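The values are calculated or read from the model by the stated rules, or taken from the named source; none is laboratory data. The structure displayed is predicted, hence computed values, not measured ones. Cβ coordinates were reconstructed from backbone atoms using ideal geometry, including for glycine residues, and neighbour counts include every protein chain displayed. For the accessible areas, the whole protein counts, side chains as well, though only heavy atoms, and no ligand, DNA or RNA atoms are used. Shrake-Rupley method; radii C 1.70, N 1.55, O 1.52, S 1.80 Å.
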Amino acid sequence: MASLSVHDNSVTDDLSRRHFGAAAGLSLAALFGAACSSASEHPGDSAGGSTRTIETPMGPVVVPLDPQRVVSLDAYVGLQTLDELGAPVIATGTLGGGLRTLVSAASQELPSIGVTALGDIQLEAIAAAAPDLIVGRQPIGQEYYTELSGIAPTVLIPFTYWRDQYIDVADSVGLSAQASQNFTGLDERVAALRSDLEQAWPNGLRLSVVRVSDISGDVRSYNTLAASATFLYADILSGAGIVPSANSLPGADPSKVNTAVSAENLPLIDGDVIIYYVGAGGQADAGADVEQALTSSPLWSRLSAVQANRAVKVDSAPWFDGYNLSGANAVIDDLRRILL
């Protein structure tokens, strides 16, 4: 019997790969005690000069006012934000295969502290880098918080709405004002996209967003329900007035980011347009055999979107692993290229 189920395996599914440890669905970082600056400064409290205290999910943390040696625990929002803002990062966690996406060539070459997307945190490498600040996602660093704090002040960012994460990382290095300015223009681009889509698709658009990461041919169909607030693609789709087909799939659950669809049930992912990507996250280095498992299926070739040449592969980096403005603009560019 073909199966359709909400994917909820805490060991193997992509929720664990992306460390969905925070309460899903709440999008305001303040509700999680997100990192925010206090008014206090402590001149001379550290060898690097003045410091300030910021509030984090782990309690108050005294950080350098002008950090010079920052370690990012993750290659998601941590590295992407710090790189985009020009912060002095000296080492970073990586995605599967050691990859770092949506960052500069210099950040591509930074020393690795482990494939932290899969839970590999190398404390010795972090200590050897001699950081004056450590920044990263709370679900990645919380288990090691005592050890990390013994190396350098450690700011852990709650896993919430992607924009809040971006601002929180920026605030940890004193660049929140610059980060806020970076959002100028993004909402205007989303609003323009919505207007153009309403004209191009006056009867509405059935869009299916699919990730393929298994050689079995099984896929995950992604939504814009409450649990998806951490994904920038979901924010952009919502702003553009697009409701992915996964929102109405049998078994769709607002507390889950995706619905797993077995290879035998591929017709359920059909729509006017299918956008799909391969691997991502802990499987950022997934091979061509994963994509072949999907596209060689006879059921795939029968999908109306495939037959209409409207099944389009996109880069997984902005759609799944993106947390900066470069990623957000790449998603908008993809949607314009595919849908208009």
> Where residues in segment 226-240 are open to solvent by 10 Å² or more (accessible area, probe 1.4 Å) and in contact with a Gly (Cβ under 9 Å, 6 or more places away or on another chain), which of them is modelled with the highest pLDDT?
Replying inline: 229
> Of all residues in segment 264-322, how many are open to solvent by 10 Å² or more (accessible area, probe 1.4 Å), among the hydroxyl-bearing types (Ser, Thr, Tyr) and within 23 Å of residue 75 (Cα to Cα)?
Replying inline: 2
>> Just to be sure I understand, how many residues within segment 215-225 are under 20 Å from residue 283 (Cβ atoms) and open to solvent by 20 Å² or more (accessible area, probe 1.4 Å)?
In response: 4
> Which one is farthest from the chain's Cα centre (by Cα), of the residues in segment 145-166 that are hydroxyl-bearing (Ser, Thr, Tyr) and surrounded by 24 or more Cβ atoms within 10 Å (Cβ to Cβ)?
Replying inline: 154
> So which residues in segment 174-214 are assigned to a loop (DSSP other than H, G, I, E, B) and crowded, with 17+ Cβ neighbours inside 10 Å, if there are any at all?
Replying inline: 174, 175, 201, 205, 206, 213, 214
>> So for segment 128-135 (the condition being assigned to a helix (DSSP H, G or I) and closer than 20 Å to residue 175 by Cα), does at least one residue qualify?
In response: no
> Here are some conditions: (1) crowded, with 24+ Cβ neighbours inside 10 Å; (2) out of contact with any Ser or Thr (no Cβ under 6 Å at 6 or more places or on another chain). Residue 78 meets all but one. Which one does it not meet?
Replying inline: (2)
> Considering 112, 72, which residue is in contact (Cβ under 8 Å) with a residue 24 or more places away in the chain and within 21 Å of residue 323 (Cα to Cα)?
Replying inline: 72
>> So for segment 256-267 (the condition being more than 30 Å from residue 164 (Cα to Cα) and assigned to a strand (DSSP E or B)), does at least one residue qualify?
In response: yes
>> Every residue in segment 126-144 that is more than 29 Å from residue 234 (Cβ to Cβ), open to solvent by 20 Å² or more (accessible area, probe 1.4 Å) and touching a residue at least 24 places away in the same chain (Cβ under 8 Å), please.
In response: 127, 130, 132
>> Checking the condition open to solvent by 20 Å² or more (accessible area, probe 1.4 Å), closer than 17 Å to residue 158 by Cβ, modelled with pLDDT of 95 or more and among the charged types (D, E, K, R), which residue from 55, 84 passes?
In response: 55
> Name the residues in segment 215-246 that are assigned to a helix (DSSP H, G or I), in contact (Cβ under 8 Å) with a residue 24 or more places away in the chain and more than 12 Å from residue 268 (Cα to Cα), would you?
Replying inline: 226, 227, 228, 229, 230, 232, 233, 235, 236, 237, 239
> Can you pull out the residues in segment 281-340 that are hydrophobic (A, V, I, L, M, F, W, C) and part of a loop (DSSP other than H, G, I, E, B)?
Replying inline: 284, 286, 303, 308, 314, 340
>> Being touching a helix residue (DSSP H, G or I) at 6+ places or on another chain (Cβ under 7 Å), of a type outside the set (A, V, I, L, M, F, W, C) and more than 11 Å from residue 102 (Cβ to Cβ) is the filter here; which residues of segment 277-331 pass it?
In response: 277, 279, 281, 282, 283, 285, 297
> Out of segment 87-124, which residues are open to solvent by 10 Å² or more (accessible area, probe 1.4 Å), assigned to a loop (DSSP other than H, G, I, E, B), in contact with a Ser or Thr (Cβ under 9 Å, 6 or more places away or on another chain) and hydroxyl-bearing (Ser, Thr, Tyr)?
Replying inline: 101
